[in-house]
Amino acid sequence: MKTLILTNRVPFPPNSGYPIVVYNTIKGLLKLGVEITLFSINTNKHRVDVDDIYDPIFEQIQFHSFSLDTEVNVWGAFLNIFSDQSYNVSRFFDEDAARMLEEVLKENEFDVIQFEGLFVVPYLDVVKANSSAKVIYRAHNIEFDVWERIAMREQFTPRRKYLQFLARRLKYYETEQINRFHQVFAISEPDRQHIVKFGCETALDVFPVAIDFEKYVINQPPAGFPTLFHLGAMDWRPNKEGLEWFLDEIWPDIEKLNSELRFYIAGKHMQREFFEYDSENLVVEGEIFDAVEFINSKSIMIVPLLSASGMRVKIIEGMAMRKCIIATSMAAEGIRCEHGKDILIANTADEFYRSILQCITNPKKWREIGDNARKTVERDHDINTISQRMLNVYQKLISA
């Protein structure tokens, strides 16, 4: 079986949510004998030097990429207001990229073509005009829902109005395109329900984040307490907003609990304000080389997201490393977890305070939650099980 996968960024190395999801999809399907061709938009924001990719998975696929500047342009954003297109999405389309994709389609006959996320959907017309393959849309999240939630939290009225405008455009585009595919994959059950509500009439299945447990090996004794940590890219607005809220509203009281308490924060594009935060017990590491090693060396993962959609890959990774996660309901959305058993849910400053205090006073509790968390992800996120299910859908589509 020959499959073409389209992505809005190069998924090598798999060092954040979207690349991890795509990378593990490719890895799992390759193990089942699927021939993979990957076509990626290589954006300025997440630019990867293709010549520097050294990965055994990369060596097993046919790869094509197109470099594209998708940065927000003030003039372009202004002119877009007078068009009927979503500015969030239209920035990812380029005529030269479309011609390159057309050549790939003419030179190969694919059975399945999978669109990883909304930002490559503008190339659907090119695919339909040049291929008879079955087309699948993988919704990594509900894009317009993310922007609606961000807009709700924006205090500056003109900016809030513009964010609401972007969300409306995204909603129209998402709902318009969804039924043009033969199959839709949602990343969580809440997202599946959301997609149904906005009019999806095509086949729809849930395929959560898949992880390879061979990567998540605890190779040292359990980390000692007190160590809290947060891991996430700071160029993603929900991460930045959530961490700012935690540091401003919660951390000042938390660090008084124990003079030895440490809170480590790490992630790409760490902004200067975090390095300058006035706290002796806050350790800002910025971008790190090995996320798994970082997680392995700490105790309690803090995920204070206030606006998001989809599924948080870092929470899945933390659970795989037997970490106790303290997260908002929104951060844990879509993960089949239970408060007090394999995760701690905290939605207010007081709830975060009480959850962290509980972990400090009862170390056995956070270790127990971490052990249960590993069992949960083994049950729901195994790469082999999910990949086989995906291949079964492919085969059903082709034989229909």
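Under 9 Å from the Cβ of Arg322, count the other residues' Cβ atoms, weight Lys and Arg +1, Asp and Glu -1, and hand me the total. Neighbourhood net charge equals +2.
Apply the a/c threshold of 1.5 to the C-alpha gyration tensor of segment 175-316 and tell me whether it is rounded, prolate or oblate. Prolate shape, in that a/c is at least 1.5 and a/b is the bigger ratio.
Go through Lys27/Lys298; Lys256/Lys365; Lys171/Lys341; Lys134/Lys197; Lys268/Lys375 and tell me which ones have a Cα-Cα distance over 26 Å in this structure. Please list the in-between numbers first.
On the way: Lys27/Lys298 28 Å; Lys256/Lys365 21 Å; Lys171/Lys341 36 Å; Lys134/Lys197 24 Å; Lys268/Lys375 29 Å.
Beyond 26 Å between Cα atoms: Lys27/Lys298; Lys171/Lys341; Lys268/Lys375.
Protein heavy-atom accessible surface, 1.4 Å probe, per residue over segment 328-400: 50 Å². Taking Cβ atoms as reference points and 9 Å as the exclusive limit, the residues near Gly17 contribute a net charge of +2, counting Lys and Arg as +1 and Asp and Glu as -1. The residues of segment 7-57 have, on average, 37 Å² of accessible surface per residue, using a 1.4 Å probe with all protein chains present. Loop-located trypsin sites (Lys or Arg not before Pro) across segment 222-266 with a Cβ neighbour count of 15 or fewer within 10 Å are Lys256, with loop assigned by DSSP. Judged by the mean number of other Cβ atoms found within 10 Å, the most tightly packed of the peptides 27-33, 102-108 leads the ranking 27-33, 102-108.
What is the extension gain from Asn384 to Glu35, computed as 0.36 nm multiplied by their sequence separation minus the C-alpha to C-alpha distance, in nm to one decimal?
Values: separation 349, 0.36 × 349 = 125.64 nm, distance 1.66 nm.
Extra length available between Asn384 and Glu35 comes to 124.0 nm.
Loop sites here are chymotrypsin sites (Phe, Trp or Tyr not before Pro) outside DSSP states H, G, I, E and B with no more than 11 other Cβ atoms within 10 Å. The longest part of the chain free of them is 157-288.
Got a number for carbon plus sulfur as a percent of the chain's accessible area, 1.4 Å probe? That fraction is 48 percent. Here are several values of P(r) over Cα pairs in 20 Å bins from 0, in percent: [x] 26, 58, 16, 0; [y] 25, 53, 22, 0; [z] 18, 35, 22, 13, 9, 4, 0. Which one was derived from the coordinates shown? The calculated read-out lines up with [x].
When the scattering of segment 307-379 is computed by the Debye formula from its Cα atoms alone, each counted once and equally, what is log10 I(q)/I(0) at q = 0.13, 0.14, 0.28 Å⁻¹? Those come out to -0.33, -0.38, -1.34, one per q.
Accessible area per residue for segment 198-312 in Å², computed with a 1.4 Å probe and the full protein assembly in place, what is it?
Each residue of segment 198-312 exposes 44 Å² on average to a 1.4 Å probe.
The values are calculated or read from the model by the stated rules, or taken from the named source; none is laboratory data. Small disclaimer: the values here were computed from a predicted structure and weren't measured. Cβ: placed from backbone, ideal geometry, glycine included. Neighbour counts: every protein chain shown. Please note that ligands, DNA and RNA were not included when accessible areas were found on the heavy atoms of the full protein model with its side chains. Shrake-Rupley method; radii C 1.70, N 1.55, O 1.52, S 1.80 Å.
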